[in-house]
Amino acid sequence: MKLEFPKDFLWGSATASYQVEGAVNQDGKGMTSWDKYYHMPNRKYNGDVSTDHYNRYKEDIKLLSEINQKTYRFSVSWARIFPNGSGEINEKGLQFYDNLVDELLANNIEPNLTLYHWDMPLALMYKGGWLNREVVDNFVEYSKVLFTHFRGRVKLWSTINEPASEVMGGYIQGAHPPLRKNYTEALQVAHHLNLAHAKAVKLFNEMNMEGEIGIVLNPIPIHPASNKEEDIIAAKRAYDFYSDWYIAPILAGKYPEIMLEECQKKYNSPKIEPGDMEILKGAKVDYLGVNYYMRRVVANNPDSTGNIDDCFKNVRVKDGNYTEWGWEIYPEGLYELLSRIQKDYGKIDFYITENGMGFYDKVESNGQVVDDDRLDYIRQHIIQIHRCLEDGINIKGYYVWSAIDLLSWTNGFEKRYGLIRVDFDTLERSIKKSGRWYADFIANNYIEYNE
Ligand code: BG6
């Protein structure tokens, strides 16, 4: 059976500035939160050079074109544009993204620009980062520069990549900068991220920008570990906490009520100023970007300390298909997730802004990477996209994470995601088997499905 896709469906792949660019001090770039983080004692790697995409973008775009990419999602490093987070613009930084966008357009690859993928200018982090409400306005000032500059050339915009990861990683688990473990701060940061997003969307509309603007979330489908009532309640709370806490303000301009009440009672946070909810409500997105990697299975945690994310615990499924890093491969989750969002909030356009899997790739003696595991992962998820489309869920594009091998925030250069391999000693690039398969698939625009 042939699974065919709409002619105008955008197939592509994605990266993020800190993970690929390198050139950490080049052309007047300011320091970022991650530059500082990776230069703390005992860090095994950093993004100082990474793939050196900053200097090799032409070669990379040529390879993207060779594998038939119709679109490419990248993020702009705020500190290249504003080395101090605000104030004076660094023209050379802007020039780099100019070159990148023009090169993409010359190769018929639609640029999809994310304004913020976690690399906060250090100067702003020192002012308190997202915890400081003033940073919201700094973000709007930065967005305005990019909207003005790329008007007409960039048609696909995302404001922020995965607010949930900023909140969880940076302010609850203390694993990402600024390494905090404080629920009151975390909830406030989430609210400020929502405000920053909403104000940027408002500006985009006021400026009558051509194209579409949205946000990139990473909602997770959550399954209860058993049919026991306590596990079902745990799964519901986990979905509210990981997923709906971020979806509701974007699609409905509100926070999930029960959780909001609980958070404000327990942590006295988030503090919502008069007018804030109207700002969130007024910012209608053109689409929702969804990054999907895996599902979570959770059980009730009998040893909970009472914290909001502590009443459930992750459980490993007996017959689950896990990678060496413990990420479960569960393609059906993509369909389940989008169906749930559409059921809860009504019809909306989606882009799958990231989907992919990290593996230790093996290089054969002939230099080839025969990454059948990645190829199969992508193929299975594309089949789920078809299932969504058949069911009236309007997905307009799909981005493999990642276009090219890059720095994994948590696992450095060992864990590979790319369709294109990078030899991190020589910085040589080569197309993997998954990249060639994806290129053929895009050219055909159908999948032969006999399972
Ligand atoms: C996504 C991020 O959540 O996960 C990417 O948007 C990231 O930037 C990806 O690379 C995989 O996670 P990690 O920790 O392996 O880089």
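The values are calculated or read from the model by the stated rules, or taken from the named source; none is laboratory data. On a predicted model such as this, the values are computed, not experimentally measured, just so you know. For neighbour counting, all protein chains shown are included, and Cβ atoms are generated from backbone atoms with ideal geometry for every residue, glycine included. Each accessible area value is taken on the protein alone, full model and side chains, heavy atoms only, with ligands, DNA and RNA left out. Shrake-Rupley method; radii C 1.70, N 1.55, O 1.52, S 1.80 Å.
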Can you give the accessible area of THR148, probe radius 1.4 Å, in Å² rounded to 10? 80
Quick one: Karplus J couplings for the stretch 97-102, per residue in order, coefficients 6.51, -1.76, 1.60, θ = phi - 60°, nearest Hz, x for Gly and Pro? 6, 4, 4, 4, 4, 5
Full-extension gain between LYS266 and ASP376, please, as 0.36 nm times their residue separation minus the C-alpha to C-alpha distance. 35.1 nm
So how far apart, in nm, are the two label points at LYS181 and ASP423 if each is 7 Å from Cα heading toward Cβ? 4.3
When the accessible area of the stretch 165-305 is computed with all protein chains present and a 1.4 Å probe, what percentage of it is carbon and sulfur? 50
Ordering 435-444, 217-226, 161-170 by per-residue average of other C-beta atoms within 10 angstrom, highest first, gives 161-170, 217-226, 435-444
The simple spin-label model distance between TYR126 and ASN55, using points 7 Å out along Cα→Cβ, in nm, is 2.8
Restricting attention to the alpha-carbon atoms of the stretch 160-245, what are Rg (one decimal) and Dmax (integer), both in Å? 16.1, 52
For the chain, accessible area per residue (1.4 Å probe, heavy atoms of protein chains only), Å²: 40
With all protein chains present and a 1.4 Å probe, the order of TRP34, TRP409 from largest accessible area down is TRP409, TRP34
How big is D, in µm² s⁻¹, for the stretch 274-322 by Stokes-Einstein at 25 °C and 0.890 mPa s if Rh is the Kirkwood radius over C-alpha pairs? 165
Cα convex hull of the stretch 67-112 - mean projected area over all directions, nm²: 3.3
In whole percent, the Cα-Cα distances of the stretch 340-440 spread across 10 Å bins from 0 upward as 14, 42, 26, 15, 4, 0
Inter-part gap, Cα centre of the stretch 155-176 to Cα centre of the stretch 6-25, in whole angstrom, is 17
Through the Karplus equation 6.51 cos²θ - 1.76 cosθ + 1.60, θ set to phi - 60°, convert the phi angles of the stretch 239-250 into ³J(HN,Hα) values in whole Hz; use x for Gly and Pro. 5, 4, 6, 7, 10, 5, 4, 9, 6, 4, x, 7
With the label point 7 Å along the Cα-to-beta-carbon line of LYS92 and a cut-off under 12 Å to each amide N, the hits in the stretch 14-32 are 24-30
Could you tally the net charge around TYR246, taking each other residue with its Cβ under 14 Å from the Cβ of TYR246, Lys/Arg +1 and Asp/Glu -1? -4
What whole-number volume per residue, in cubic angstrom, does the convex hull of the C-alpha atoms of the stretch 79-183 give? 100
Taking r as the C-beta separation of ALA443 and LYS36 and R0 as 45 Å, the FRET efficiency to the nearest 0.05 is 0.55
Rounded to whole Hz and in sequence order, give me ³J(HN,Hα) for the stretch 340-355 from the Karplus expression 6.51 cos²θ - 1.76 cosθ + 1.60, θ = phi - 60°, writing x for Gly and Pro. 5, 4, 5, 5, 6, 10, x, 5, 8, 7, 10, 10, 8, 7, 8, 7
Segments 262-270, 345-353 sorted - mean Cβ within 10 Å per residue, highest first: 345-353, 262-270
Starting from the 7 Å offset along Cα-to-Cβ, what nm value, one decimal, do you get for the label separation of LYS144 and ARG316? 5.2
Taking 0.36 nm per intervening residue step and subtracting the Cα-Cα distance, what contour gain separates SER365 from LEU105 on full extension? 90.0 nm
Given a 1.4 Å probe and heavy atoms of the protein chains only, how would you sort ARG151, ARG133, largest accessible area at the top? ARG151, ARG133
Let me check I've understood the local charge: for LEU156, count other residues with C-beta under 12 angstrom from its C-beta, Lys and Arg +1, Asp and Glu -1. What total comes out? 0
Antiparallel as a % of all DSSP beta bridges within the chain, to the nearest 5? 25
Additional length obtainable on full extension of the chain from ASN84 to ARG151, 0.36 nm per residue less Cα span: 21.7 nm
How many percent of the alpha carbon pairs in the stretch 245-295 exceed a separation of 15 Å? 56
For GLU332 and ASP8, what does the FRET efficiency come to when R0 = 25 Å and r is the distance between their Cβ atoms, rounded to the nearest 0.05? 0.45
Per residue, the convex hull enclosing the Cα atoms of the stretch 257-400 spans a volume in Å³ of 177
Quarter of Cα convex hull surface for the chain, i.e. mean projection, nm²: 21.3
Quote the FRET efficiency, to the nearest 0.05, computed for LYS62 versus ASN307 with a Förster distance R0 of 56 Å and r equal to the Cβ-Cβ distance. 0.70
Measure out, as a whole number of angstrom, how far apart the alpha-carbon centroids of the stretch 73-121 and the stretch 129-143 sit. 17
Report the Cα centroid-to-centroid distance between the stretch 199-237 and the stretch 289-314 in angstrom, as an integer. 16
At 222 nm, what value in deg cm²/dmol follows for the chain if DSSP H runs of at least 4 each add -39500 (n - 2.57) and the sum is divided by all its residues, to the nearest 500? -11500 deg cm²/dmol
Amide H neighbours of VAL290 under 5 Å, at least 5 residues apart or on other chains, H built in the peptide plane: list them. LEU217, TYR351, ILE352, THR353, GLU354
With a 1.4 Å probe and all protein chains kept in place, how much accessible area does GLU88 have, in Å² rounded to the nearest 10? 150
